[in-house]
Amino acid sequence: MKKIGMESLYGCEAWSLRHYLFKRLRSFHNRCARSMCSVNLIHTFRHHITPASPFRRLGILDIDSYFHNQIRLFFVFQAASAI
């Protein structure tokens, strides 16, 4: 399951992510998680399902966590190569 999230960020260090693009990426990731749990947007409103619920159910992280992990790894590799 975690492989899906990392593949969506493959090559992220080369992207110029603007706020609106990251918002679209977050929306896509949420929609994919909901569809894997067979939950549509109407279910989320009707049954008060939080955006984090499908991620917990699937055992994956939200897109923000994957993105920040990629950024953190990028800076670790930059620091290691400077030594």
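The values are calculated or read from the model by the stated rules, or taken from the named source; none is laboratory data. Note that the structure is predicted; figures quoted are calculated from it, not measured. Cβ: placed from backbone, ideal geometry, glycine included. Neighbour counts: every protein chain shown.
Things to note:
- Within the range 46-56, considering residues that are under 15 Å from the mean Cα position of the chain (by Cα) and surrounded by fewer than 16 Cβ atoms within 10 Å (Cβ to Cβ), the one nearest to N30 (Cα to Cα): P51
- Condition met for L41 (modelled with pLDDT of 80 or more and hydrophobic (A, V, I, L, M, F, W, C)): yes
- Of residues in the range 56-73 being part of a helix (DSSP H, G or I) and over 18 Å from F22 (Cα atoms), the one modelled with the lowest pLDDT: L73
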